[in-house]
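Asks: Below: one structure in structure tokens.
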Amino acid sequence: MSQEYENQIIKPVDLDHEMRKSYIAYAMSVIVGRALPDVRDGLKPVHRRILYAMYEDGLTSDKPFRKSATTVGNVLGRYHPHGDASVYDAMVRMAQPFSLRYPLIDGHGNFGSVDGDPPAAYRYTEARMAKLANAMLADIKKETVDFVPNFDEERKEPVVLPSRIPNLLVNGSSGIPVGMATNIPPHNLGEVIDGICYVIDHPEADLDDLCAIIKGPDFPTGGIIMGRAGIRAAYATGRGKIKVRARCEIEDMPGSSNRQRIIVTEIPYMVNKARLVEAMANLVKDKRVDGITNIQDHSSREGMQIVVDIRRDANAQVILNQLFTYTQLEDTISMIHIALVPGANGKLQPRVLTLRQIIDQY
């Protein structure tokens with residue numbers, strides 16, 4: 001035996017036990033450190049670190065924009081030792097008005113589109129905190145929240161933001177950690193705050209009282225929620241499914257007495273508009289839907305408008321029903337209210353939460 005090996009101690013290890021121990025440690029690290037939001041501020045660590053780094057740099061809503069590359073570099077160097085793409089992707093999503101009901105970052109430049117166009121590289125875009133993000137960090141210097149050392153113990157970062165707004169319900173969250181998934185849809189800020197105020201004034205408030213105030217999810221891209229059963233199930237148990245339809249109107253084509261067209265002005269949440277139009281065109285091409293003569297996307301900065309021209313002898317309502325069936329003009333959204341909740345020992349634990357529990361924890 002060579003000199004370098006003769007002093008080694010070899011311990012026999014049970015593979016089953018070692019895999020269980022190591023995998024559980026890895027799973028909890030992903031669940032707590034990356035993929036699930038905190039019930040108190042509704043943020044994952046990467047989002048919290050981005051906002052705090054911008055706050056430290058004075059990039060509040062009343063200050064000039066600064067290059068996104070500056071923020072990405074500062075977040076990586078100070079708090080988040082992961083890839084730059086993960087930081088920039090999270091930052092971009094916080095600036096997209098079609099992704100967040102109330103964006104937390106004010107973006108300047110190309111931050112992507114509802115058609116799935118990618119954002120420009122971070123050396124080209126600029127960003128600062130949105131007005132609402134100021135409320136997320138208000139009074140953070142007044143010992144309102146706990147701080148912990150960062151990865152190299154050179155600085156301290158907040159465990160949670162003061163969060164004057166109920167961000168988890170207002171902007172929602174989605175994530176797929178190990179062995180579970182969360183999908184909390186966005187809600188209307190006014191309704192949620194009214195619901196919270198009602199719970200403060202009436203601690204015995206039940207689900208019926210809350211449902212009368214918080215009607216249901218409020219998506220940034222609009223759409224119509226079909227029925228209330230799925231919403232009530234999610235609010236009562238933490239899990240439910242809702243169907244969301246695009247907002248469509250059938251109108252007579254100008255200059256033609258017998259022809260009609262379908263106008264789509266809102267689409268379901270997180271649906272790629274370009275792919276939706278392409279899917280509708282493929283249905284016509286494959287002759288699965290008969291009676292459509294033309295499909296055009298007239299969307300602009302002023303709003304969304306997809307125009308579907310109907311043949312003279314076709315029934316517009318029948319065609320619209322077929323489009324609901326075969327395309328994402330009608331989409332099912334699963335509501336799964338899983339978030340990290342502080343346990344008795346102070347450690348964060350994933351839990352399925354009802355609407356009342358989310359409000360109580362906030």
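The values are calculated or read from the model by the stated rules, or taken from the named source; none is laboratory data. Because the structure is predicted, anything quoted here is derived from the model rather than measured. Positions of Cβ are generated from backbone atoms using ideal geometry, with glycine treated the same way; all protein chains shown enter the neighbour counts. Surface areas here come from the heavy atoms of the whole protein model, side chains and all, with no ligands, DNA or RNA. Shrake-Rupley method; radii C 1.70, N 1.55, O 1.52, S 1.80 Å.
Asks: Out of the residues in the stretch 278-292 meeting the condition of being part of a helix (DSSP H, G or I) and out of contact with any helix residue (DSSP H, G or I) (no Cβ under 7 Å at 6 or more places or on another chain), tell me which one is surrounded by the fewest Cβ atoms within 10 Å (Cβ to Cβ).
Replies: Out of the qualifying residues, it is K285.
Asks: Further question on the same structure: Condition first: touching a helix residue (DSSP H, G or I) at 6+ places or on another chain (Cβ under 8 Å), surrounded by 15 or more Cβ atoms within 10 Å (Cβ to Cβ) and either without any contact (Cβ under 8 Å) to a residue 12 or more places away in the chain or not charged (D, E, K, R) (or both). Can you find one or more residues in the stretch 141-148 that meet it?
Replies: Taking every residue of the stretch 141-148 in turn, none turns out to be touching a helix residue (DSSP H, G or I) at 6+ places or on another chain (Cβ under 8 Å), surrounded by 15 or more Cβ atoms within 10 Å (Cβ to Cβ) and either without any contact (Cβ under 8 Å) to a residue 12 or more places away in the chain or not charged (D, E, K, R) (or both).
Asks: Do we find a residue being outside any helix (DSSP H, G or I), charged (D, E, K, R) and open to solvent by 30 Å² or more (accessible area, probe 1.4 Å) anywhere in the stretch 97-111?
Replies: Taking the stretch 97-111 first, the residues outside any helix (DSSP H, G or I) are 97-111.
Okay, now just the ones that are also charged (D, E, K, R), so 101, 106.
Filter once more, keeping what is open to solvent by 30 Å² or more (accessible area, probe 1.4 Å): 101, 106.
The answer is yes, given that some residue of the stretch 97-111 is outside any helix (DSSP H, G or I), charged (D, E, K, R) and open to solvent by 30 Å² or more (accessible area, probe 1.4 Å).
Asks: Any residue in the stretch 152-160 that is within 30 Å of R239 (Cβ to Cβ) and not acidic (D, E)? Please lay out each step first, then the result.
Replies: Initial filter on the stretch 152-160 (within 30 Å of R239 (Cβ to Cβ)): 159-160.
Restricting the remaining residues to those that are not acidic (D, E) gives 159-160.
Yes, the stretch 152-160 contains a residue that is within 30 Å of R239 (Cβ to Cβ) and not acidic (D, E).
Asks: Looking at L51, L76, L43, L36, which one is within 24 Å of the chain's Cα centre (by Cα), without any contact (Cβ under 8 Å) to a residue 60 or more places away in the chain and surrounded by 12 or more Cβ atoms within 10 Å (Cβ to Cβ)? I'd like the intermediate steps shown before the answer.
Replies: On the way: L51 fails: without any contact (Cβ under 8 Å) to a residue 60 or more places away in the chain; L43 fails: without any contact (Cβ under 8 Å) to a residue 60 or more places away in the chain; L36 fails: without any contact (Cβ under 8 Å) to a residue 60 or more places away in the chain.
Selected residue: L76, the only one of L51, L76, L43, L36 that is within 24 Å of the chain's Cα centre (by Cα), without any contact (Cβ under 8 Å) to a residue 60 or more places away in the chain and surrounded by 12 or more Cβ atoms within 10 Å (Cβ to Cβ).
Asks: Please enumerate the residues belonging to the stretch 298-308 that are open to solvent by less than 80 Å² (accessible area, probe 1.4 Å) and either in contact with a Phe, Trp or Tyr (Cβ under 7 Å, 6 or more places away or on another chain) or over 18 Å from Y326 (Cβ atoms) (or both).
Replies: Those that are open to solvent by less than 80 Å² (accessible area, probe 1.4 Å) and either in contact with a Phe, Trp or Tyr (Cβ under 7 Å, 6 or more places away or on another chain) or over 18 Å from Y326 (Cβ atoms) (or both): S299, S300, G303, M304, Q305, V307.
Asks: Need at least 3 residues that are farther than 30 Å from F98 by Cα per element, so show me which strands (runs of 3 or more DSSP E) inside the stretch 129-204 make the cut, counting only ones lying wholly within it. Walk me through how you get there before you give the answer.
Replies: Details: elements: 147-149, 156-158, 173-175, 182-184.
Result: 147-149.
Here is a yes/no grid of residues against (1) outside any helix (DSSP H, G or I); (2) in contact (Cβ under 8 Å) with a residue 60 or more places away in the chain:
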site: I263; (1), (2): yes, no
site: P268; (1), (2): yes, yes
site: L276; (1), (2): no, no
site: N294; (1), (2): yes, no
site: D309; (1), (2): yes, no
site: F324; (1), (2): no, yes
site: Q328; (1), (2): yes, yes
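Asks: Suppose the filter is touching a strand residue (DSSP E or B) at 6+ places or on another chain (Cβ under 9 Å), of a type in the set (G, A, S) and more than 28 Å from Y88 (Cβ to Cβ); does G216 pass it?
Replies: Working: touching a strand residue (DSSP E or B) at 6+ places or on another chain (Cβ under 9 Å): yes; of a type in the set (G, A, S): yes; more than 28 Å from Y88 (Cβ to Cβ): yes.
It is true that G216 is touching a strand residue (DSSP E or B) at 6+ places or on another chain (Cβ under 9 Å), of a type in the set (G, A, S) and more than 28 Å from Y88 (Cβ to Cβ).
Asks: Among the residues of the stretch 112-140 satisfying the criterion of being open to solvent by less than 40 Å² (accessible area, probe 1.4 Å) and touching a Lys or Arg at 6+ places or on another chain (Cβ under 6 Å), which is farthest from E302 (Cα to Cα)?
Replies: In this case the residue turns out to be A138.
Asks: Out of all the residues in the stretch 149-162, which are within 20 Å of G58 (Cβ to Cβ) and crowded, with 16+ Cβ neighbours inside 10 Å?
Replies: The answer is N150, E157, P158, L161, P162.
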